[in-house]
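Peer 1: Below is one structure. I have some questions about it.
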Amino acid sequence: MNTMSEQPRQSPDINVGMIERELTSLWKAAGEEDEQGGIIRACLMNLLVYVPDDQLAGEVDEIITEVTAEHPSRALLIIADPEAEPFIEAHVSSRCTIPSGMSKQVCCEQVTISAGGSLIGEAPSVVTALLLSDLPVCLWWHAAPRLGDKTFERLVAASDRVIIDSADFTNPHEDMAALAAVLGDDSTRAAFSDLNWARLTPWRSLVAGFYDVAEYRPLLDRLERVLIEYAPPPEDRDAISSRSALLAGWLTSRLGWKLESAARKDGSSVFELRAGERKVSVELVPTSDPAIKPRLIARVTLESAAETAASFKVARSADGSRIETHVAIGEERHIQRVLGYDDRSESALIGRELEILGRDRVYEQAVISAGEMLNAISS
Amino acid sequence: MTSTNDNPLREGVRLERTADPCTVIIFGASGDLTKRKLVPALYRLTQEGLLPAEFAILGFARSKMSHDEFRARMKDAIATYSEAKSVDETVWESFAKGIYYLAGDINNPESYKEMSALLDQIDGERGTAGNRVFYLSTSPTFYSEAVAQLGAAGLARPEGKGWTRIIIEKPFGHSLESARELNVDVAKVFNEDQVYRIDHYLGKETVQNLMVFRFANGIFEPIWNRRYIDHVQITNAESIGVEDRGGYYDTSGVLRDMIQNHVFQVLSHVVMEPPMEFSAGEVRDEKIKAMRAVRPIPRDRVNEFVVRGQYGPGSVGGKSAAGYREEKDVKPESATETYAALKLYFDNWRWAGVPFYLRSAKRMPKRVTEIAIHFKQAPHMLFSETTAQQIEPNVLVVRIQPDEGITMRIGAKVPGQVTRIRWVNMDFRYGASFGVASPEAYERLLLDCILGDATLYARRDMTERGWEIVMPILEAWQEAKPDFPNYEAGSWGPKAADDLLEREGRRWRRP
Ligand SMILES: NC(=O)c1ccc[n+]([C@@H]2O[C@H](COP(=O)([O-])OP(=O)(O)OC[C@H]3O[C@@H](n4cnc5c(N)ncnc54)[C@H](OP(=O)(O)O)[C@@H]3O)[C@@H](O)[C@H]2O)c1
C-alpha cells in the first residue's frame, strides 16, 4: 500500500474544475512512473465519508484504505471541525494496492475536503459536483444521524446508501427514536445500513437457523420467554446496549408481538408482549460475566413450552473468538455446535454493506420496535 | 427443501439458502480425494455456519479404523489441505462429534446392513432427520456395484421422511458405451433428480460468471452470433505433466480426461441460448440443446478436424521436464494423447459456419483456461491502404484461470497528424474490482447438492452427449498408430495444430 502523491491545495475559493484536473494529472503521472504502464484504475462506486471532528480522521483514513482495496471507489472524505474558524480546502491523493493473485497495481483516488465553522455547510455542494456519474453513491456518516441537520440532509439526498453505526449512539433512547423518524420519513430515498445491525447478522442467522429445521419450526409459535444477556456500557451501567435492543426489536417485529408493558428490575428490563392468545416475555439482562466486552451480547436464550420443554441458546465465548449454539429438547436430545466467530473489523463490515442494494425493511421495522420498547422503559 | 419459507425469522437474514440437516456418506473415505478436498470443504462450510448443527459425516472404506482414528486422520487432513492450514480446536471438537466411520466392502451386502443401522443411530444422535448424501469417491469400477447395493439394501429410496441424493465423481465412463451402461445402472436405482454428477469446472466461479457476463449485459447478446463472430478459441492448458497419476492417465488421455467433460461444459456456456430462468432444469436444457447441434465428426475425416499430440522432453518454466513416455507408470510405447485440438461446428441458426477451435493439453508453457471470441474484421474502405493494413479484428477474451477477467482488444488512433492505429486492451479483472476470494469449487458443489440445487452438476444427457461427440475420434485414433512424441514439453503443441488453423487463414492466440 502506498500513497503515490499528495498535492495539498489550500484555497478559500475552492474550485471543482481544478480538482478534476489534478486528478487527471495524478493518473497520468502514475501511468508514466510505472515502467510496465501496468496500473489499473478501478472504480465501482463513489464513497462519501463524513467525519464530525478531525480526531477521527486518521482512523477513518485507514478504514477507507481497506474498504477501497476491496471495493475500488472514488473516495470523497469530508472532515468537519465545527470549533474552527470558517475555512474550506481540498487535496487529492491516490492509493494503490496489488491484490493477491494479480501482477498489476490497482489504484483508487481520493479527494479530502476539510472544512471549519460556518463553511462546513459548503462541503456537500463540492462533493456532489465531484461524484462520478453512473456509479452508485454510498455515504458513511460517522456520527449520529440528525433530521434537520442541513449537511446530513444534503449528503443523504445525494446518496443511494447511507451507512451509520448505532453503537456510536451516545443516548440510545433518543437517538434510536431519531433514527426511526429518519427511516419513517417519506422523503428518505436512500437505503440505510447500520454496522451495529450488521454485527447482529451472525446472531440473527443462528437464531433463525434453529427454526429452519422442520421438526423445530412449530416451537417458534410456542415461544414464551426470550432472554438477552448483554454487557452494559461501562460509563453507564444502567444503559441498555443498543445492540440488544435491536435484537429484541427484531424478534418482536418479525414475530408480530405487541408490547403490553415494560418494567425495570435490578438493572434488567422486562417486557411483556402479546402474541395472539399467548403471552411472551422478553428480558434484557446485564450479564454477570466480566469477560464480555462492553455493549456486546453475551447470550440469547429462547424457551418454548411444549410437551417437552425446548430451549435454544446462542452464546459468545469469553474471548469472543467463537460462538456456540445449543439445542435441548427435553432430557434426551442435546446438540451443541461451536463456530468460529471473527469479530469483523469496521472496514470488513462496511465492505459487506456496500455489496447490498436496496432497503432493508426488516432492519427498519426492528428499529421502530426497538425505539418503542426503549420509550416504554424510559416513560 | 425444508419449510424455510415459513420461518418468519429467516426473512432478510442475508443467507438466502439454508441447508437441511443431513448425513454425508463418503465411499472411499480412506482415499486421497476425501482428505484433500471433501472433508476440508465440509469443515469450511461448517465453520462458516452454512451447514446446520444437525449434520454428520459417515466415512466408508475397507481399511479398519475406529471412529476416533478416522477423526484423527481427518483432523490432520484439514490441517494439511485446508486453505487456512489450521484447525480451530473448539470448532473441530463439535464438528468431530458428527464424524463416524464404518469399515466395510462395497461388494458386501452385510456392510450395507451395518451402514443402514448406523445411519439410523446417527439420525437419533445428531437429529439428521433421515436426509442423506452418498458420495462415491472410489475407483469408477465400483460405481455400478455401489449403486446396485444401495438399491438392494433399501437405502436409495427409503420409506418415510427424508431425502436421498448421490454424488458421482469423475470420470463418468470410459466410452459412450460404458457411460450409457453406468447411467442405466444408476437409473435402475435412483431418479435422475437424486443424481449429482461432479464436474468441478462447473463449481468454478468464473464459469458461472460467464453466464452472468453474457446474459446480464444486454450489449453482448445481439452480437453473439455468426453475423459478428468470425470464430471462437477455447484454450485449456496445464503446465504440469501427469505427476503421479500416470497409471490412470495412460488409460485415458486428454480427450477423455478434459475435453469430453470440462471443455465441453465451458463450451456449452458460450454457445447456449439464454435460459428462461436460472434453474437447474432450464439451464441444463439449454446446454444440452446447444451441444446436440454439434456437427458430428465423421470417423474417416477425423484428421481434418482433430490433432493429437504427446509431449517429449523439454523445459517448462525454466525447469527441464521429462517426456510423457518417461513418466512414472506410463508405458514406454504409449500412444495416449496429452494434447488435443479440435474444430467443431454447430448446426444451428446462431452459429452456422462459425468454427470453434478447442485445445487442451499438458506440459504447455503456462496454466491458462480462456475463451477468445474473435470478431469479424471491420470494413476496410474507410481508411487509406496503409492504415487499413493495420486493422485487426476485435477480440474479446474471457479468462477463467488464473487472473480471471475479461479483456477486449480495440483499435485506437495514435495521437498525431497521420492516422495510425494501435491496438489496446480494455481490461477488467475480477481480482481488481472484487477483493473477495472465490470459494473452493468443492465447497460450492457440496453445498449445492445438500441444498438440492443441481444446476452446476452434469445431467445424464450431457454426459452421454460428450461421449457421442468424441467417440468417432477415439475410434479413428485406435486404428492408426501416432507418431509420438510430437511436441516438446513447454511448447504450445504440435505443428499440425497450427496448420489446422492456418489452412483457414487463422492463428492460435498466444494466451
Ligand atoms: N484425487 C483427486 O484429486 C481426484 C480429482 C478428481 C476426481 N477424482 C476421482 O475421485 C475418486 C476417488 O479418487 P481418490 O484419488 O480419492 O482415490 P483413492 O485414493 O484410490 O481412494 C479410493 C478409495 O476407495 C476405497 N475402496 C477401494 N476398494 C473398496 C471396496 N471394495 N470397498 C470399499 N472401499 C473401497 C479405498 O479405501 P480402502 O482401500 O480402505 O478400501 C479408498 O478409500 C476417483 O473416481 C477419482 O477419479 C479424484
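The values are calculated or read from the model by the stated rules, or taken from the named source; none is laboratory data. These numbers come from a predicted model, not from an experiment. Neighbour counts are summed over all protein chains in view; Cβ atoms, including those assigned to glycine, are modelled from backbone coordinates with ideal geometry. Note: areas computed on protein heavy atoms with side chains; ligands, DNA, RNA excluded. Shrake-Rupley method; radii C 1.70, N 1.55, O 1.52, S 1.80 Å.
Peer 1: Note down the Stokes-Einstein diffusion coefficient of the range B:275-363 in µm²/s, whole number, using a Kirkwood radius over alpha carbon pairs, 37 °C, and 0.692 mPa s.
Peer 2: In µm²/s, the coefficient rounds to 202.
Peer 1: Right, next: Name the shape class, rounded, prolate or oblate, that the alpha-carbon gyration tensor gives for the range B:120-174, where a ≥ b ≥ c are the square roots of its eigenvalues, rounded holds for a/c under 1.5, and otherwise prolate holds if a/b is larger than b/c and oblate otherwise.
Peer 2: Judged from the Cα gyration tensor, the range B:120-174 comes out prolate (a/c at least 1.5, a/b above b/c).
Peer 1: May I pose another question? For a quick check: with amide H placed at 1.01 Å from N, whose amide H comes under 5 Å from B:Leu102's, ignoring anything fewer than 5 positions away on the same chain?
Peer 2: Residues meeting the amide H criterion: B:Gly59, B:Phe60, B:Ala61.
Peer 1: Only Cα pairs within less than 10 Å get springs; with that Gaussian network setup on chain A, which residue of A:Arg295, A:Arg217, A:Arg154 has the largest fluctuation?
Peer 2: A:Arg217
Peer 1: Using the alpha-carbon centroid of each, what span in Å lies between the range A:257-285 and the range A:178-224?
Peer 2: 18
Peer 1: Follow-up question, since we're still on this one. Roughly how many whole Å is it from the C-alpha centroid of the range B:152-227 to that of the range B:439-480?
Peer 2: So the separation of the two Cα centres works out to 7 Å.
Peer 1: I would also like to ask the following. To test your reading of the geometry: what angle, between 0 and 90 degrees and rounded to tens, separates the Cα axis of helix B:280-292 from the longest principal axis of chain B?
Peer 2: Computed tilt is about 40 degrees.
Peer 1: Additional query: If you scale each eigenvalue of the Cα gyration tensor by 5 and take the root, what three semi-axes come out for the range A:90-166, rounded to whole angstrom and sorted largest first?
Peer 2: 28, 16, 12
Peer 1: Determine the distance separating the Cα centre of the range A:334-379 from the Cα centre of the range A:139-173; give it in Å without decimals.
Peer 2: 17
Peer 1: Then there's this: Treat each spin label as a single point 7 Å out from the Cα along the C-beta direction, and report the A:Thr308 to B:Lys170 distance in nm.
Peer 2: Modelled inter-label distance: 4.6 nm.
Peer 1: Using a Förster distance of 25 Å, how high is the FRET efficiency between B:Ile219 and B:Thr407, based on the Cβ-Cβ distance and rounded to 0.05?
Peer 2: 0.95
Peer 1: So what's the angle, to the nearest 10 degrees on a 0 to 90 scale, between helix B:460-479 and the longest Cα principal axis of chain B?
Peer 2: 60
Peer 1: How high is the FRET efficiency from B:Ser279 to B:Asp6, r the C-beta distance, R0 22 Å, rounded to 0.05?
Peer 2: Working: r = 21 Å, r/R0 = 0.97.
It comes to 0.55.
Peer 1: Okay, moving on. Give the span of the protein assembly as shown's Cα atoms along each principal axis, as three whole-Å numbers ordered largest to smallest.
Peer 2: Here the spans come out as 93, 86, 47 Å, largest first.
Peer 1: Now, a different point. Compute the label zone of B:Arg367 within the range B:194-216: residues whose backbone N is under 19 Å from the point 7 Å along Cα-to-Cβ.
Peer 2: B:199-208
Peer 1: For the range B:255-407, take every pair of Cα atoms, bin their distances at 5 Å starting from 0, and report each bin as a whole percent.
Peer 2: The percentages, shortest bin first, are 2, 7, 12, 15, 16, 15, 12, 10, 7, 3, 1, 0, 0.
Peer 1: If you don't mind, there's one more thing I want to ask. What shape does the range B:42-127 have by the C-alpha gyration tensor, where a ≥ b ≥ c are the square roots of the eigenvalues, rounded means a/c under 1.5, and otherwise prolate means a/b greater than b/c and oblate the rest?
Peer 2: In terms of gyration-tensor shape, oblate.
Peer 1: Normalized C-alpha radius of gyration of the range B:198-288, against 2.2 N^0.38 Å?
Peer 2: My calculation over the Cα atoms of the range B:198-288 gives 1.29.
Peer 1: Given R₀ = 60 Å, what would the calculated FRET efficiency be for B:Ala480 paired with B:Glu89, taking r from the Cβ atoms and rounding to 0.05? Don't skip to the answer; put the middle values down first.
Peer 2: Details: r = 60 Å, r/R0 = 1.00.
According to the calculation, E is roughly 0.50.
Peer 1: Can you tell me the alpha carbon radius of gyration of the range B:67-190 divided by the globular rule-of-thumb value 2.2 N^0.38 Å?
Peer 2: On the way: Rg = 16.6 Å, N = 124, 2.2 N^0.38 = 13.7 Å.
Computed over Cα atoms of the range B:67-190, the ratio equals 1.21.
Peer 1: Another one. In chain A, which Cys residues have no partner Cys with a Cβ closer than 4.7 Å?
Peer 2: Result for chain A is A:Cys43, A:Cys108, A:Cys138, no neighbouring Cys Cβ within the cutoff.
Peer 1: How large is Rg over Rh for the range B:256-307, taking Rg from the Cα atoms and Rh as the Kirkwood inverse mean of 1/r across Cα pairs?
Peer 2: 1.07
Peer 1: If a/c stays under 1.5 just call it rounded; otherwise compare a/b with b/c (prolate if a/b is bigger, oblate if not). Do that for chain B, with a ≥ b ≥ c from the square roots of the Cα gyration tensor eigenvalues.
Peer 2: Working: a/c = 1.93, a/b = 1.57, b/c = 1.23.
Cα axes put chain B in the prolate bin.
Peer 1: For the range A:204-307, what does the equivalent ellipsoid look like in terms of its semi-axes, each the square root of 5 times an eigenvalue of the Cα gyration tensor, given largest first in whole Å?
Peer 2: Listed largest to smallest, the semi-axes of the range A:204-307 are 25, 16, 11 Å.
Peer 1: Ignoring everything except DSSP H segments at least 4 long, calculate the 222 nm mean residue ellipticity for the protein assembly as shown; use -39,500 (n - 2.57) per segment, divide by total residues, nearest 500. Don't jump to the answer; show the numbers that get you there.
Peer 2: Working: 26 runs with 284 residues, N = 890.
Dividing the helical sum by the residues of the protein assembly as shown leaves -9500 deg cm²/dmol.
Peer 1: In bins 10 Å wide, starting from 0, what share of all Cα pairs of the range A:63-193 does each bin hold, as a percent?
Peer 2: Calculated P(r), rounded to whole percents: 11, 37, 34, 14, 3, 0.
Peer 1: Roughly how large is the B-A contact in terms of buried accessible area, totalled over both chains, probe 1.4 Å, nearest 100 Å²?
Peer 2: Adding both sides of the contact gives about 3400 Å².
Peer 1: Send over the per residue convex hull volume for the range B:163-234, Cα only, as a whole number of Å³.
Peer 2: 165
Peer 1: Please work out how much length the chain gains when fully extended from A:Arg278 to A:Arg217, using 0.36 nm per residue of separation minus the C-alpha to C-alpha distance, in nm with one decimal.
Peer 2: Going from the current span to full extension adds 20.3 nm.
Peer 1: If you don't mind, there's one more thing I want to ask. Evaluate the relative contact order of chain B (contact order divided by residue number), counting alpha-carbon pairs under 8 angstrom at least 6 apart; express in whole percent.
Peer 2: 17
Peer 1: Let me ask something else about it. Using label points projected 7 Å from each Cα along Cα→Cβ, tell me how many nm separate B:Asp498 and B:Ala148, to one decimal.
Peer 2: Taking the two extended label points, one gets 5.2 nm.
Peer 1: Related question: Given H placed on each backbone N at 1.01 Å, which residues far from A:Phe192 in sequence or on other chains put an amide H within less than 5 Å of it?
Peer 2: A:Val162, A:Asp360
Peer 1: Which value in nm describes the separation of the simple spin-label points at A:Ser321 and B:Gln121, placed 7 Å from the Cα toward the beta carbon?
Peer 2: 3.4
Peer 1: Give the whole-number value, in cubic angstrom per residue, of the convex hull volume spanned by the C-alpha atoms of the range A:122-218.
Peer 2: Values: hull volume 14.4 nm³, N = 97.
Roughly 148 Å³ of hull volume per residue.
Peer 1: Hey, how much of the P(r) for chain A falls beyond 39 Å, as a percent of Cα pairs?
Peer 2: Beyond 39 Å sits 27 percent of the P(r) for chain A.
Peer 1: Past 20 Å, Cα to Cα, is the threshold; run B:Lys289/B:Lys362; B:Lys37/B:Lys328; B:Lys37/B:Lys64; B:Lys343/B:Lys495; A:Lys313/B:Lys161; B:Lys331/B:Lys366 against it and keep the listed order.
Peer 2: Pairs exceeding 20 Å: B:Lys289/B:Lys362; B:Lys37/B:Lys328; B:Lys37/B:Lys64; A:Lys313/B:Lys161; B:Lys331/B:Lys366.
Peer 1: Determine the per residue accessible area of the range A:326-365 with all protein chains present and a 1.4 angstrom probe, expressed in square angstrom.
Peer 2: Result: 50 Å² per residue.
Peer 1: Right, next: How crowded by other chains is B:43-56, given as the mean number of beta carbons from other chains within 10 Å of each beta carbon?
Peer 2: Per residue, the average neighbour count from other chains is 4.
Peer 1: Whenever you get a sec, compute what percent of the accessible area on the range A:240-325 sits on carbon and sulfur atoms (1.4 Å probe).
Peer 2: On the range A:240-325, the fraction of accessible area on carbon and sulfur atoms equals 49 percent.
Peer 1: Can you tell me the 0 to 90 degree angle between the C-alpha axis of helix B:441-451 and the longest principal axis of chain B, rounded to 10?
Peer 2: 50
Peer 1: Semi-axes of the equivalent ellipsoid of the range A:273-362: what are they in whole Å, largest first, if each equals the square root of 5 times a C-alpha gyration tensor eigenvalue?
Peer 2: Taking √(5λ) for each eigenvalue gives 28, 20, 15 Å, largest first.
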